[in-house]
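The structure under discussion appears below in the form of structure tokens.
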Amino acid sequence: MILGSWKTATIAIAGTLSGAVDLGRDYELLEVIIPTIDSATIGVRVADTVAGTYQDLAHTSPTAVGHFVPTTTAGVGGITALFRLGGFQHVKILASAAQTTAAVNFTIRGMNR
């Protein structure tokens, strides 16, 4: 297994989308360590370049790795999620609700089998 370097994706306070993260190369999978957050669903957006147009990453099967993963509610603790990237290098982390308590730092890395 090839593991990328850990990176940080930050969603600012009152925000729902992190800044762009360049994983350094194309990866099949994305590991996301989700800290305690305001109640929200977490997803991934991808683009072909770091400054490109980011689109939601989705799969046709609702149970496929990469489908939006429900997260824990505020104060309950974190979760680690695995998303199927399918060969993207540039990602953003998306929350379904604004993070009003504080800015949130997600720890992420790409993985290839």
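The values are calculated or read from the model by the stated rules, or taken from the named source; none is laboratory data. Because the structure is predicted, anything quoted here is derived from the model rather than measured. Every residue, glycine as well, gets a Cβ built from its backbone with ideal geometry; the counts of neighbours run over all protein chains shown. Note: accessible area is taken over every heavy atom of the protein model, side chains too, but ligands, DNA and RNA are not part of it. Shrake-Rupley method; radii C 1.70, N 1.55, O 1.52, S 1.80 Å.
Report the FRET efficiency, 1/(1 + (r/R0)^6), for A47 and T8, where r is their Cβ-Cβ distance and R0 is 25 Å, rounded to 0.05. Please report the intermediate quantities before stating the final value.
Details: r = 18 Å, r/R0 = 0.73.
It comes out at approximately 0.85.
Counting only protein heavy atoms and a 1.4 Å probe, the range 1-57 has 49 square angstrom of accessible area per residue. For M111, the accessible area of its heavy atoms, probed at 1.4 Å with every protein chain present, is near 20 square angstrom.
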